[in-house]
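Here the structure is laid out as structure tokens; the discussion comes afterwards.
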There are 2 protein chains.
Amino acid sequence: MSLPAEIEALDRADPLREFRAQFELPPGVTYLDGNSLGALSRRTRGRLASVIDAEWGRGLITSWNDAHWIALPQRVGDKIGRLIGAAPGQVLAADSTTVNLYKVLCVALQAHPGRRVILSERGNFPTDLYVIEGAIAQLGQGHELLLVDGTEDAIEGALAERGREIATVVLTHVHYTSSRVYDMEHVTRTAQACGATMIWDLSHSAGVVPVQLDGCEVDFAVGCGYKHLNGGPGAPAFLYAAREWQQRPWQPIAGWMGDARPFDFHAGYEPAAGISRYLSGTPSVIALSALESSVDLILEAPMAEIRRKSVALGDLFVDLVERHCAGMGLELVSPRDGRLRGSHVSYRHPESYPLMQALIAAGVIGDCRPPDLMRFGFAPLYLSYADIWQAVMRLAEILQTRRRHGG
Amino acid sequence: MSLPAEIEALDRADPLREFRAQFELPPGVTYLDGNSLGALSRRTRGRLASVIDAEWGRGLITSWNDAHWIALPQRVGDKIGRLIGAAPGQVLAADSTTVNLYKVLCVALQAHPGRRVILSERGNFPTDLYVIEGAIAQLGQGHELLLVDGTEDAIEGALAERGREIATVVLTHVHYTSSRVYDMEHVTRTAQACGATMIWDLSHSAGVVPVQLDGCEVDFAVGCGYKHLNGGPGAPAFLYAAREWQQRPWQPIAGWMGDARPFDFHAGYEPAAGISRYLSGTPSVIALSALESSVDLILEAPMAEIRRKSVALGDLFVDLVERHCAGMGLELVSPRDGRLRGSHVSYRHPESYPLMQALIAAGVIGDCRPPDLMRFGFAPLYLSYADIWQAVMRLAEILQTRRRHGG
């Protein structure tokens with residue numbers, strides 16, 4: 001089937017269409033998994049070559065000053081801050097999402113010695129819950145992880161019922177399977193009205209869903225560098241601590257990069273002024289440089305256009321599935337209304353795993369999540385409407401073939 | 001002055017001389033700071049190009065399985081293990097030295113609920129002490145950091161006096177300025193005889209000083225990937241936990257990479273079997289790949305030859321300084337006996353900073369450490385005896401010039 005004219009028209013009218021040439025996607029592949037691992041851009045490849053050959057290879061130790069390696073966590077953090085509504089001086093890029101969540105969680109718990117409950121949702125990304133369980137086990141102060149359904153009603157219900165016991169609320173802004181988006185401002189204000197500290201995980205939001213951390217007066221946020229930020233596999237994560245959380249006592253993992261005078265090699269830890277006190281050890285310069293270059297590229301696209309196209313790609317995918325895959329066992333588990341979704345959609349299907357294997361063999365890369373979900377992500381900077389059309393046509397072909405063969 | 005024949009003879013007889021061609025050092029530079037940031041090898045450059053272009057760029061998400069990214073922390077850990085006397089399954093490469101030290105320290109403290117003292121030395125690398133201070137502040141259980149002089153006598157004296165209160169001893173095997181090496185076996189056995197848990201920081205040892213962690217029955221060790229392991233700026237660090245410490249309750253930073261079934265996305269953290277439970281979040285694949293390739297290269301050189309040459313380079317440096325810089329204010333603060341030193345030496349000089357600036361301008365790169373130390377490191381795989389001779393000749397010229405000009 002040849003590409004319909006209306007799909008071609010969408011691509012022609014796409015204000016972000018020039019960005020695609022910046023990415024080096026393998027030929028013959030429609031990549032719908034940028035929500036798991038963002039793609040490599042030419043700019044990032046160039047920056048990596050330069051940090052490896054010139055800065056490390058030739059500059060050696062002098063690059064800590066000459067190439068400003070020492071300022072990377074704060075500089076990359078400030079750039080990510082522009083994507084998530086954070087004024088400068090409140091975001092760092094370093095460590096993993098797990099380690100960053102551990103740090104801010106410990107600070108939040110320390111701030112509420114009289115409260116023993118941590119509120120989250122049952123379906124939160126497991127590692128976020130593991131971090132909470134780990135901190136509870138370590139502190140040994142009888143904290144309780146209260147898990148409720150992942151709806152604003154359920155969160156508010158728990159806050160209404162046990163608000164005075166709740167030290168902190170930990171939620172993921174865009175759900176990793178359903179793609180449902182919380183109303184950040186409303187949830188944050190409700191939590192804070194009960195005296196709780198609000199921590200958001202922006203792993204599936206940053207770079208693709210507009211976020212206003214300062215505007216919502218969020219306390220803390222963390223998030224991932226290797227999904228929609230395109231920072232490369234295992235890229236450094238980020239950590240946001242609102243200015244008022246930068247005067248607190250220590251975060252738990254005190255290290256020289258978070259000290260006021262790291263190159264004085266002095267006795268007695270003195271937390272640095274501002275956000276830097278949330279640093280610990282030395283982050284990977286190569287990995288941070290890759291992340292910086294990919295964030296720079298995203299910053300060249302207006303966030304409103306990114307969001308508009310992300311929603312449009314998702315809507316097109318869902319429309320086409322409704323039209324071409326009806327009655328073939330796919331059940332949309334993401335909100336049908338694109339305004340309530342992040343930049344991916346998930347479908348339930350009893351044969352999700354073999355179906356996805358067949359799709360990947362046909363050049364359409366998405367992923368599966370247990371027990372029976374197929375997940376498709378939409379990266380507005382390197383996907384076209386034609387890609388979406390191609391992907392759904394392949395999916396429809398595979399479903400039809402399987403049905404004919406009783407698959 | 002032309003290179004003396006006996007120096008040339010040393011290089012001709014050097015069994016490691018072929019390794020130098022593997023490194024891409026800038027022309028005209030004598031690099032004596034591999035103890036701060038190891039040099040880039042051709043192999044590492046090649047591996048980086050391959051992980052960036054082929055594995056990330058073309059393989060995208062499929063490389064987690066196809067390129068075995070998921071096994072990197074354990075695989076690289078096992079390779080580092082061969083350099084530090086650790087049988088497979090006890091070392092991981094991930095996170096920073098700071099984060100790793102925090103993890104093992106918390107586990108060690110948890111194992112000794114009745115003991116409240118952490119013993120270390122006053123001159124330990126500051127970040128190690130900061131980590132201890134941070135953990136003490138966070139736990140809020142009245143732990144005490146007991147600091148004594150950095151000698152085996154002082155450590156043993158403290159253990160004899162307060163051994164029953166000491167939960168853990170945290171020491172750096174090779175001192176970051178003096179280069180003094182502890183007798184690991186003796187100190188470990190003395191600490192353990194008091195019931196304390198022994199933690200070693202191998203940041204200045206790994207890759208250049210032979211270490212037998214299993215042989216010395218060490219409990220825990222951590223160390224740096226970017227010094228003598230040549231893993232690149234901010235390379236991932238490593239963590240050793242002896243087998244008996246792999247059945248303990250949780251390390252504090254529980255995350256999905258340390259879970260038994262990370263891709264099941266299940267509720268309720270279940271620490272993985274073995275060393276993997278010490279993982280937390282997703283480490284940088286690019287940074288870990290660089291580290292793996294540089295460790296592979298080191299593994300091609302017999303450790304006994306590496307150590308022999310490291311000591312010989314250091315001895316030559318000290319000899320030449322004695323011969324050519326006598327009476328010019330340099331005071332050796334490292335052991336004169338090479339068997340008691342790591343792979344660097346430090347000198348005290350009242351004008352250490354301007355002297356080092358002049359040396360760097362003359363193409364000899366070392367570094368300074370407060371208050372008045374000049375530090376020179378000897379990387380046996382990419383330095384020649386001629387390099388050492390050149391460096392000391394430059395140093396002597398600079399000292400003589402400054403003396404003539406009353407500098």
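The values are calculated or read from the model by the stated rules, or taken from the named source; none is laboratory data. Bear in mind the structure is a predicted one, so any value in this text is a computation, not a measurement. Neighbour counts are summed over all protein chains in view; Cβ atoms, including those assigned to glycine, are modelled from backbone coordinates with ideal geometry.
So is residue A:163 part of a loop (DSSP other than H, G, I, E, B) and more than 8 Å from chain B (Cβ to nearest Cβ) or not?
Numbers: part of a loop (DSSP other than H, G, I, E, B): no; more than 8 Å from chain B (Cβ to nearest Cβ): yes.
No: the conditions fail for residue A:163.
Selection of the stretch B:231-250 for residues being within 19 Å of residue A:96 (Cβ to Cβ), part of a loop (DSSP other than H, G, I, E, B) and modelled with pLDDT of 95 or more yields B:231, B:232, B:233, B:234, B:235, B:236, B:237.
Going by the conditions given, is residue A:176 buried (at least 22 other Cβ atoms within 10 Å of the Cβ), without any contact (Cβ under 8 Å) to a residue 60 or more places away in the chain, among the aromatic types (Phe, Trp, Tyr) and within 14 Å of chain B (Cβ to nearest Cβ)?
Numbers: buried (at least 22 other Cβ atoms within 10 Å of the Cβ): yes; without any contact (Cβ under 8 Å) to a residue 60 or more places away in the chain: no; among the aromatic types (Phe, Trp, Tyr): yes; within 14 Å of chain B (Cβ to nearest Cβ): yes.
Here the answer is no, as residue A:176 does not meet what is asked.
Inside the stretch B:332-361, residues that are under 19 Å from residue B:313 (Cβ atoms) and over 24 Å from the mean Cα position of the chain (by Cα) make up a count of 1.
Does residue A:366 satisfy the criteria of being crowded, with 16+ Cβ neighbours inside 10 Å, in contact with an Asp or Glu (Cβ under 8 Å, 6 or more places away or on another chain) and under 30 Å from residue A:41 (Cα atoms)? Yes.
Within the stretch B:138-155, the residues that satisfy the criterion of being at pLDDT 95 or above and either at the interface with chain A (Cβ under 9 Å from one of its Cβ atoms) or assigned to a helix (DSSP H, G or I) (or both) are B:147, B:152, B:153, B:154, B:155.
How many residues are of a type outside the set (S, T, N, Q) and closer than 11 Å to residue B:168 by Cα when one looks only at the stretch B:97-121? Steps first, please.
Initially, the stretch B:97-121 is screened for residues of a type outside the set (S, T, N, Q), giving B:99, B:101-109, B:111-119, B:121.
Still in the list and also closer than 11 Å to residue B:168 by Cα: B:104-109, B:111-112, B:115-119.
Matching residues across the stretch B:97-121 total 13.
The number of residues in the stretch A:252-264 being touching a helix residue (DSSP H, G or I) at 6+ places or on another chain (Cβ under 6 Å), without any contact (Cβ under 8 Å) to a residue 60 or more places away in the chain and surrounded by 23 or more Cβ atoms within 10 Å (Cβ to Cβ) comes to 4.
So, residue B:221, is that one farther than 17 Å from residue B:37 by Cβ, assigned by TED's automatic domain parsing to the domain that holds residue B:282 and in a strand (DSSP E or B) or not?
On the way: farther than 17 Å from residue B:37 by Cβ: yes; assigned by TED's automatic domain parsing to the domain that holds residue B:282: yes; in a strand (DSSP E or B): yes.
Yes; evaluated as a whole, the condition is true for this residue.
If we scan the stretch B:88-108, do we find a residue that is closer than 26 Å to residue B:215 by Cβ, crowded, with 24+ Cβ neighbours inside 10 Å and in contact with a Cys (Cβ under 7 Å, 6 or more places away or on another chain)? Yes, because at least one residue in the stretch B:88-108 is closer than 26 Å to residue B:215 by Cβ, crowded, with 24+ Cβ neighbours inside 10 Å and in contact with a Cys (Cβ under 7 Å, 6 or more places away or on another chain). Any chance the stretch B:43-56 includes a residue that's surrounded by fewer than 24 Cβ atoms within 10 Å (Cβ to Cβ), at the interface with chain A (Cβ under 9 Å from one of its Cβ atoms), without any contact (Cβ under 8 Å) to a residue 40 or more places away in the chain and aliphatic (A, V, I, L, M)? Yes. For residue B:355, state whether it is at negative phi, modelled with pLDDT of 95 or more and part of a loop (DSSP other than H, G, I, E, B). No, not satisfied. Take the conditions (1) within 29 Å of residue A:231 (Cβ to Cβ); (2) assigned to a helix (DSSP H, G or I); residue A:322 misses just one of them, which is (1).
Just one of the numbered conditions (1) under 19 Å from residue A:45 (Cβ atoms); (2) in a loop (DSSP other than H, G, I, E, B) is not true of residue A:282: (1). Residue B:267 satisfies every condition listed in (1) within 14 Å of chain A (Cβ to nearest Cβ); (2) touching a residue at least 24 places away in the same chain (Cβ under 8 Å) except (2). Restricting B:143, B:175 to those that are out of contact with any His (no Cβ under 8 Å at 6 or more places or on another chain) and assigned by TED's automatic domain parsing to the domain that holds residue B:104 reduces the list to B:143.
Filtering the stretch B:155-174 to residues that are of a type outside the set (Val, Ile, Thr) and either in contact with a strand residue (DSSP E or B) (Cβ under 8 Å, 6 or more places away or on another chain) or at positive phi (or both) leaves B:157, B:158, B:159, B:162, B:165, B:167, B:171, B:173. Selection of the stretch A:187-209 for residues being within 23 Å of residue A:80 (Cα to Cα) and either assigned to a helix (DSSP H, G or I) or modelled with pLDDT under 95 (or both) yields A:187, A:188. Looking at the stretch A:224-251, which of the residues that are more than 14 Å from residue A:35 (Cβ to Cβ) and among the basic types (Lys, Arg) is surrounded by the most Cβ atoms within 10 Å (Cβ to Cβ)? Going through the qualifying residues, I end up with A:248.
In the stretch B:96-122, the qualifying residues are those that are more than 11 Å from chain A (Cβ to nearest Cβ) and in a helix (DSSP H, G or I), and the one that is farthest from the chain's Cα centre (by Cα) is B:108. Across the stretch B:74-86, not a single residue is classified as surrounded by 24 or more Cβ atoms within 10 Å (Cβ to Cβ), within 13 Å of chain A (Cβ to nearest Cβ) and out of contact with any Asp or Glu (no Cβ under 8 Å at 6 or more places or on another chain). Within the stretch A:99-122, residues that are aromatic (Phe, Trp, Tyr) reach partners that are at pLDDT 95 or above and not in a loop (DSSP other than H, G, I, E, B) with beta carbons closer than 7 Å, at six or more positions or on different chains, in the pairs A:102/A:131; A:102/A:135.
For (1) out of contact with any strand residue (DSSP E or B) (no Cβ under 9 Å at 6 or more places or on another chain); (2) within 14 Å of chain B (Cβ to nearest Cβ), each residue gets a yes or a no:
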position	(1), (2)
A:273	yes, no
A:277	no, yes
A:282	yes, yes
A:286	yes, yes
A:293	no, yes
A:306	yes, no
A:310	no, no
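The single condition among (1) surrounded by fewer than 15 Cβ atoms within 10 Å (Cβ to Cβ); (2) of a type in the set (D, E, K, R); (3) under 30 Å from residue A:69 (Cβ atoms) that residue A:18 does not satisfy is (3). Among the residues of the stretch B:1-38, those that are among the hydrophobic types (A, V, I, L, M, F, W, C) and closer than 20 Å to residue B:377 by Cβ comprise B:7, B:10, B:16, B:19, B:23, B:25, B:29, B:32, B:37.
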